[in-house]
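Let me begin by presenting the structure, written as structure tokens, before commenting on it.
The values are calculated or read from the model by the stated rules, or taken from the named source; none is laboratory data. This structure is a prediction, so every number in the text was calculated from the model and none was measured. All Cβ positions, glycine included, derive from the backbone under ideal geometry; neighbour counts span all protein chains shown.
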Amino acid sequence: MGHAVALKVNGESWSLEVEPAELLLEVLRSRVGIKSPKPGCERGDCGSCTVLLDGRSVRSCLVLAVEVDGHELTTVEGLGIDGLTELQQRMVELSSFQCGYCAPGIVLTATELLAVNPRPERHEVQAAMSGNLCRCTGYAPIIDAVLTAAATAAATTAPEV
Amino acid sequence: MTISLDLAYHAPASLDETLEILSEQAGRTVLLAGGTDVVPSLRDDLISPNRIVDLKRVEGLGDLAVIDGALHVGCLVTFSDLIGSPAVHARLPVLAEMAGMVASVGIRNRATLVGNICSAVPSCDAGPLLLALGARVHLVSREGVRTVDVDDWFEGPRRTAIRSGEVVTHVTIPLPASGHGAAYARLSRTRGEDLAQACVAVVLEPGDRPRIAFGAVAPTPVRARRIEALLHAQGLDAGAIDAAVGLVAEEVAPITDVRATRRYRLAMCEVMLRRAVTAAAGRAAGDGPVHGTPLM
């Protein structure tokens, strides 16, 4: 039996009818047309399907679409509405990605980290990113971009002395 | 990637409504909190319910508070909630230490402490620590409320003392006396995605019998009662800890699986016990490692 679900995706309101067994990942990709969350391991291990649910990163392969009724989702399509974020710019400059399959999940996980902890230590970035697998880069340019973005944001928002 | 099940979905707003639904047709219902175990189990056909009862809209089940000397953890409280709670950091920092080792941020934002002991996989992280802390599991059904000591909770892999028609509303964790020391050590191949190969929780309270439990090395999380008795009798000096380490093989029964061999698990349990007891004793004395410092 279908269930009516009302949600916001990147600020836009959507009303959908979903079956209880439909995964959020499938519904986002096939019905909403949001393609940045990627199917990877499909069991919560790899992080490539990460989306922000009310600002917190979740695995969209482990969430039923029917569960998000009344909630708000953000994907990289929504982050970039007003141009690349500071973090995304640093990732471009430092060539943080090669194939890019993990990139949407990593951008969102790092965005959440910087929102919670604006000046993370390197080990804190490593811990926060440890659930997002990248098979190309060895992680160094990703972690450097997160740290550089944090330092840039701190410099531009520092109070005048 | 699709789940091929014909499912009904209910999202009741109150506990009364929840119990009403459960009483209608118990048995093939799956209760849903964070879903991080339920959804993969559905996909892998480990469970085949005909309906899901989502608890996330039930009022009061997300409570996290200190009440009458115990931490009350509602069944919707996530591992991230525990990590972010000032009360947990102040009164029971070992709980945040354990929560911080569970999977990844994206899982911890969704996965709940109660869900972890309800899915009851042998490697669950919450099990050994709740055993060592002497937690109690609170259930409700149409027949009334019931409390189960976590010592009696785990009955086998993925099997618990929950009965048809029941909901675990919360667990209570008695707060250890000030001056206590506790530690949780976890061994895994990688951070961020691996289940524990072995884990151990140690709680030392001044004047009281130590409480120690292992995970991922038996069909359920297990108390190490012989080790507890030995340390209680002999104290925590180097000789006593050596003797305790010598008892590990009698307390745990690990298997060989894809994550580790039996022999490796046994050897590492000895190392982990030594480090966790030493860390807990140090913390009790005020000079142990900061909570969250990986012991492995």
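Report, by residue number, each residue of region B:131-165 that is touching a residue at least 60 places away in the same chain (Cβ under 8 Å) and surrounded by 22 or more Cβ atoms within 10 Å (Cβ to Cβ). Of everything in region B:131-165, those that are touching a residue at least 60 places away in the same chain (Cβ under 8 Å) and surrounded by 22 or more Cβ atoms within 10 Å (Cβ to Cβ) turn out to be B:Leu131, B:Ala132, B:Leu133, B:Phe154.
Restricting the search to strands (runs of 3 or more DSSP E) fully inside region B:26-83 and requiring at least 1 residues that are under 18 Å from the mean Cα position of the chain (by Cα) and either at pLDDT below 95 or not aliphatic (A, V, I, L, M) (or both) gives B:70-74. For region B:10-69, the set of residues classified as away from chain A (no Cβ under 11 Å) and basic (Lys, Arg) consists of B:Arg28 only. Only one of the listed residues (B:Ile227, B:Ile241) is without any contact (Cβ under 8 Å) to a residue 60 or more places away in the chain, more than 30 Å from B:Asp68 (Cα to Cα), under 22 Å from the mean Cα position of the chain (by Cα) and not assigned by TED's automatic domain parsing to the domain that holds B:Ala87. That residue is B:Ile227.
Here A:Ala6 meets each of (1) surrounded by fewer than 17 Cβ atoms within 10 Å (Cβ to Cβ); (2) assigned to a loop (DSSP other than H, G, I, E, B); (3) touching a residue at least 40 places away in the same chain (Cβ under 8 Å) with one exception, condition (2). Residues being in contact with an Asp or Glu (Cβ under 8 Å, 6 or more places away or on another chain) and at negative phi are represented in region A:34-44 by at least one member. Just one residue in the set B:Ala135, B:Ala90, B:Ala96, B:Ala103 is within 23 Å of B:Asp54 (Cβ to Cβ) and among the aliphatic types (A, V, I, L, M); that residue is B:Ala103. Within region B:237-247, the set of residues being at pLDDT 95 or above and outside any helix (DSSP H, G or I) comprises B:Gly246, B:Leu247. Annotation note: Cβ proximity below 8 Å between a residue of region A:90-102 that is at pLDDT 95 or above and a residue that is basic (Lys, Arg) (sequence gap 6+ or interchain) occurs for A:Ser96/A:Arg90; A:Cys99/A:Arg135; A:Tyr101/A:Lys38; A:Cys102/A:Lys38; A:Cys102/A:Arg135.
Residue pairs whose Cβ atoms lie under 7 Å apart, separated by 6 or more positions or on different chains, with the first residue in region B:27-45 and more than 16 Å from A:Ser60 (Cβ to Cβ) and not assigned by TED's automatic domain parsing to the domain that holds B:Arg163 and the second modelled with pLDDT under 95 and aliphatic (A, V, I, L, M), are B:Thr29/B:Leu22; B:Val30/B:Ile47; B:Ser41/B:Ile47. Restricted to region B:176-195, and to residues that are surrounded by fewer than 19 Cβ atoms within 10 Å (Cβ to Cβ) and closer than 20 Å to B:Gly282 by Cβ, which residue is nearest to the other protein chains (Cβ to nearest Cβ)? Residue satisfying both the conditions and the ranking: B:His180.
The residues in region A:78-98 that are in a loop (DSSP other than H, G, I, E, B) and among the basic types (Lys, Arg) can be counted, and the count is 0. When restricted to residues that are buried (at least 21 other Cβ atoms within 10 Å of the Cβ), within 11 Å of chain B (Cβ to nearest Cβ) and not in a loop (DSSP other than H, G, I, E, B), region A:113-143 contains 3. Taking region B:248-296 as the range and being part of a loop (DSSP other than H, G, I, E, B), hydrophobic (A, V, I, L, M, F, W, C) and over 28 Å from B:Leu92 (Cα atoms) as the test, the residues that pass are B:Ala253, B:Ile255, B:Val258. Taking the criterion of being assigned to a strand (DSSP E or B), of a type in the set (S, T, N, Q) and within 16 Å of the chain's Cα centre (by Cα), the only residue of region A:9-54 that qualifies is A:Thr50. The condition of being surrounded by 18 or more Cβ atoms within 10 Å (Cβ to Cβ) and of a type in the set (Lys, Arg) holds for only one of B:Arg43, B:Arg28, that being B:Arg43.
Does A:Ser57 satisfy the criteria of being buried (at least 24 other Cβ atoms within 10 Å of the Cβ) and either within 7 Å of another protein chain (Cβ to nearest Cβ) or in a helix (DSSP H, G or I) (or both)? Against the criterion (buried (at least 24 other Cβ atoms within 10 Å of the Cβ) and either within 7 Å of another protein chain (Cβ to nearest Cβ) or in a helix (DSSP H, G or I) (or both)), A:Ser57 qualifies. When we screen B:Arg263, B:Arg259 for residues that are assigned by TED's automatic domain parsing to the domain that holds B:Cys199, among the charged types (D, E, K, R) and surrounded by 16 or more Cβ atoms within 10 Å (Cβ to Cβ), the only hit is B:Arg259.
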